[in-house]
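This report concerns only the one structure given below.
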Amino acid sequence: MSRRIITAGRVLPMVDGTREIEADILIEDGRIAAIEPGIAAASDGSAEIIDAQGGIVIPGFVDTHRHVWQTQLRTVATDWSLFDYFVQMRLVYSTFYTADDAHLGNHVGALEALDAGITTLVDHCHILNTPDHVEAAARGLQETGIRGIFCYGTFPNEPRVPMPVPDDPGWRAAAARELRAARLADDHGRVRFGYAPAEAEAMDFDDLVAEIKLARELGAAAISCHAAMGAYAAGADIVGRLDERGLMGPDLLFVHGAAFTDAELDLIAASGAGISATPETELQMGMGFPVAHRATDHDVRTGLGIDIVSNYSGDMFAQMRLALQSTRAARNAAFEARGEAPSRITPDAASVLQMATIGGARAINMDAQIGTLEKGKQADIAVISTDAIHMTPAFDAVGALVMNARPSDVSTVLVAGNVVKRDGQLVGVDWPDLRRKVTASATRIMDGFRTVDIAALETAARPVMPNLV
Ligand SMILES: [Zn+2]
C-alpha cells in the first residue's frame, strides 16, 4: 500500500466554505484516508512525508474548459475577436496540425496545467483531423497522469497538408465509438470519455440533437457545448430548444454562456446541467459579461475554465481574479450610475476559489470524487507556497490565493496520490527536450499559416457569423 502524509500546511478543505483548518492529510492508495491534526507525529515511519511547512493546501483546481491542443500557438490570439478566432484558429491553424502536433500539444498542455495546480481538466478537443489524431490527443493527456474528461470534438477541420483523412464522412462517429470501446472504455479511469458537438449554436439543430444522442449512447461523462456567446449567436436559443425536445440533462456542460437570460439560467439549473465560465475569453472576445456569479446566483453548478493558452496564461489564479474583479466592477458601476457609493463590495474572493475547485467538480458531476479535501475522496491536492516576496505575509489564505498567488508558487501537486510536481518541479519531465519539440512543431505550423490568404477567408467567413460589424 502506498502511503503519504502531507504535514504542517494550512489546509483549506473547501468543505465548509473556505474555513481554514490545522490538519495533516494521510493518503492511502490514491485516496484521502484521514484529515486531522497529529497524523505525522503518530506515524510509524512507513509513509512518505511531504512537508508543506508554511504552504496553503487546497484541492487541485478543476479547469472545466480548455482546448489543450493549442499549446504550440501561445501568443497568436492576443488581440483577437471571436471572429478572428474563428477564421484564423478554426479555419487555418488547426488545418496544419498533424497527429504528432495534436499529441504534443495535449501532452505539454496537460503538463502546464499540472504545473499550475490544475489536477482535473475538461479537454474540448476539436483538433481531431484524422482517426490518428484521436488516439494521439487522448494519449497525450493520459501520459501525464492528469485527471480529466477528453471531450471528443467533431468540428470538421479540413487539413491543408496531406493527412490520412478517411473518405467516408461517417469516420468521426466510428472513431468516437472506437475510442470509447478501447482507450477510454473505463468509467473509473483517470481520463474519461466525453463529447464535444461540432459547434452547438452554429450547426444544424437536428445534427446537434443527433450528436447529443450519440454522446449519450456512448456514455459521455460530459457533453461540452459552446453557448450564448453574445451577439455572435443571437437567437440560437439552444437551451430552450433542447428543453422542448426533452434533451436537457446533467451531462451537458455549457461553455461561456455570457448571454444566457435569467430564464435560460433557471432552465439550466432545473436540468442539473453545468456551466463553464471562461472569464478572460468573454471579456476579450465580445461575448458579453462573464456569467460566473449570475450563474451561481441562479443555483447553476458553475466552474471556471482557461479556454485557450493561444491567448491567455494557463493560470487559474488569474481566471479567479478576473471573474471576481469583473463582477465587482459591474456591480460598482451600477452604484455609480445611480450616483451611489457602495459601503461594501460584493462578491467575496471565496466565491471564485469555490468555483475553481468544488464548483468545477460539481459542474462536471465529479464532486463525489474530487473538488474538496475529505476522507474517501481522491488525493488530488495542490500545495501553494507562501515563501515568495509577493506572498509575504499571507494572513488570509483566500486573499493570498486569489489576489497574489501565481503558478510559480505551486510547489507540490498530487493526482490520485501520485506526486506530479515536487519542490516546484514537475516530476519526470525533460523540459529542455519538450521545449525543442514544441518550438519545432510551432515553427512548422506557423510556416504553413503564413501561406494562407487570411483576408480572402475573412470575406468568405463573414456571412457565417451574424451581426458582425
Ligand atoms: Zn472553447
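The values are calculated or read from the model by the stated rules, or taken from the named source; none is laboratory data. The structure displayed is predicted, hence computed values, not measured ones. Heads up, the Cβs are rebuilt from the backbone with ideal geometry, glycines too, and the neighbour counts pull from every protein chain shown. All accessible areas refer to the heavy atoms of the entire protein, side chains included, with ligands and DNA or RNA removed. Shrake-Rupley method; radii C 1.70, N 1.55, O 1.52, S 1.80 Å.
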Original post:
What number goes with the only condition from (1) surrounded by 16 or more Cβ atoms within 10 Å (Cβ to Cβ); (2) over 28 Å from S351 (Cβ atoms); (3) more than 16 Å from the ligand (Cβ to nearest atom) that I56 does not pass?
Top reply: (2)
Original post:
Which residues, taken from region 388-440, are under 20 Å from I146 (Cβ atoms) and among the hydroxyl-bearing types (S, T, Y)?
Top reply: S408, S411, T412
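Residues checked against (1) crowded, with 22+ Cβ neighbours inside 10 Å; (2) under 24 Å from the mean Cα position of the chain (by Cα); (3) closer than 20 Å to R301 by Cα:
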position: L218; (1), (2), (3): no, yes, no
position: H226; (1), (2), (3): yes, yes, yes
position: D243; (1), (2), (3): no, no, yes
position: F254; (1), (2), (3): yes, yes, yes
**OP:** For S271, work out the one condition from (1) in contact with a strand residue (DSSP E or B) (Cβ under 8 Å, 6 or more places away or on another chain); (2) within 30 Å of D79 (Cα to Cα); (3) open to solvent by 20 Å² or more (accessible area, probe 1.4 Å); (4) away from the ligand (no atom under 16 Å from the Cβ) it doesn't fulfil.
**Re:** (2)
Original post:
Just one of the numbered conditions (1) open to solvent by 10 Å² or more (accessible area, probe 1.4 Å); (2) under 23 Å from R422 (Cα atoms); (3) modelled with pLDDT of 95 or more is not true of S46; which one?
Top reply: (3)
Original post:
Which residues, counting only those in region 444-458, are loosely packed, with under 11 Cβ neighbours inside 10 Å and among the β-branched types (V, I, T)?
Top reply: T451
**OP:** Tell me which of these G360 doesn't satisfy, since it passes every other one: (1) assigned to a helix (DSSP H, G or I); (2) surrounded by fewer than 24 Cβ atoms within 10 Å (Cβ to Cβ).
**Re:** (2)
Subject >> Odd one out for D101 among (1) open to solvent by 40 Å² or more (accessible area, probe 1.4 Å); (2) not in a loop (DSSP other than H, G, I, E, B) >> reply: (1)
Subject >> Every residue from region 321-361 that is touching a Gly at 6+ places or on another chain (Cβ under 7 Å) and closer than 16 Å to S276 by Cα >> reply: M355, T357, I358, G359, G360, A361
**OP:** Among the numbered conditions (1) part of a loop (DSSP other than H, G, I, E, B); (2) among the β-branched types (V, I, T); (3) under 19 Å from T281 (Cα atoms), tell me where I39 comes up short.
**Re:** (3)
**OP:** Answer yes or no: is there a residue in region 168-177 that is buried (at least 17 other Cβ atoms within 10 Å of the Cβ) and within 25 Å of G257 (Cα to Cα).
**Re:** no
**OP:** Residue by residue through region 191-219, note down the ones that are of a type in the set (G, A, S) and assigned to a helix (DSSP H, G or I).
**Re:** A210, A215
**OP:** Scan region 220-259 for residues that are within 16 Å of the ligand (Cβ to nearest atom) and under 14 Å from I364 (Cα atoms) and report the count.
**Re:** 8
**OP:** Might you check whether a residue that is open to solvent by less than 10 Å² (accessible area, probe 1.4 Å) and modelled with pLDDT of 95 or more occurs anywhere in region 79-86?
**Re:** no
